Structures are given as structure tokens and as C-alpha cells.
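To keep things clear, I will list the structure first and then write my remarks on it.
Rule-based calculations on the coordinates, nothing more; no lab input. Since the model is a prediction, treat every value here as computed from it, not as a measurement. Quick reminder, even Gly has a Cβ in these numbers, built from the backbone with ideal geometry, and neighbours come from all protein chains shown.
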Amino acid sequence: MEALAYSAYVDINASLVERCRLHDRQAQAELYRRYAKAMFNAALRITGDHAEAEDVLQESFLSAFRELSSYKGDSSFGAWLKRIVVNKSINCLRQRRLALVPLGEQHHDAPADHDFGPSPDDEAETRYRADVLRRCIQELPDGYRVVLTLYLLEGYDHLEVAGILGISESTSKSQYSRARAKLRELAARQGLR
């Protein structure tokens, strides 16, 4: 039987990261250029505030460059940096006294599922719908928005969301379910069907 060849994970940014460990400013600027937009968007989706997202972005990069020795390379630099951004975003919300919506709160008469997908032939309509949905997500209460963002947009599972937020897995699932219902309600008010 032929032996399987195993290859170690190699990050495409490994040489840049090594240069950053040597305090190479150009390498730091290049990593910032590569990741700033995506990390800002992740912070904005979680914090819901443009200025706070900018602060989180700056603090995250400063922390990443200071703590580069803790990056072992067993995942991509982007995944490692994203975890820093998510944690700093959550801490930002906690400083605002993040309050998950109580489990007893009910949303009666939640509209049925709607097809939020735009017609593939109509780019203007697609952009409009995406913009409306982004605004609706920003209108969600912090607890709903954070769980929805971490689970749906950032790709964490409910167990990971629970660990990040210090809540139970069932609370994460329930917050996500309620966030979706509230999002449908907000989108329906904006005329999205």
C-alpha cells in the first residue's frame, strides 16, 4: 500500500509574518493592507458602530503585532487575526454593557420566511436589498446582532459562539433564532419579501 504524503499547513503570509517579527514596518503595512478591510467589516458587523469598529481595527493590529510571538502558524494569519478582532469587538460591546435580549421576550406574529435573494438579472435591486438588509442587521439589539453575526456571517458554530460570549449553547441558538425572526420583521417593514 502506498504511503500517504502529509504536508504541513503553510500560510501564504509566512514570510511577511516573519518579517513583522523582526519589526519590519513595510511588512506590517502590507499585512494591514491585505486584511484591514475584511477585519474592519467583521468589527463593524459585531459592534454596529463605525467609530468603534475603526478603534477595534487599530487595537487589533497593534495587539497582533505586539503578540506575534503567540502566533504559531497552525492556522492562517488571517484566521488568527480575525479571532483577535472578534474578541476585541465583543469586549467593546461588553464595555457598552452588552445585554442579550431576555429569553422570555417574544416576537409574536413573526412573518413567514421570505426569499431575500434578488433576481440574478437585476444588479441594482441586489445592491438595494443588500443595503436594506445591512441596515436591518444594524437595527437589531446588540445581543441578537452579535450572535447572528458570529454564527451566520463569521462562521462560528453555536458552541464557539457560546464560548466567545460566555453564554450557553442553547442561549446562542435561541438568540440566533430570535435574531432571524426580528430580521425578517425589520426587512418586511422595509418592503423586502
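Of note:
- If you bin all the Cα-Cα distances of the range 14-95 at 10 Å, starting from zero, the percentages per bin are 19, 53, 24, 3.
- Using only side-chain charges placed at the Cβ, +1 for Lys and Arg and -1 for Asp and Glu, the dipole size of the range 14-95 relative to its Cα centre rounds to 200 debye.
- Computed from the Cβ-Cβ distance with R0 of 35 Å, the FRET efficiency linking E125 to R33 stands at 0.60.
- In percent, rounded to a whole number, the relative contact order of the range 14-95 is 34, using alpha-carbon pairs under 8 Å and six or more apart.
- Sorted on the mean count of surrounding Cβ atoms within 10 Å across their residues, most packed first, peptides 69-81, 175-187 read 175-187, 69-81.
- For the range 123-189, fraction of C-alpha pairs farther apart than 20 Å, in %: 30
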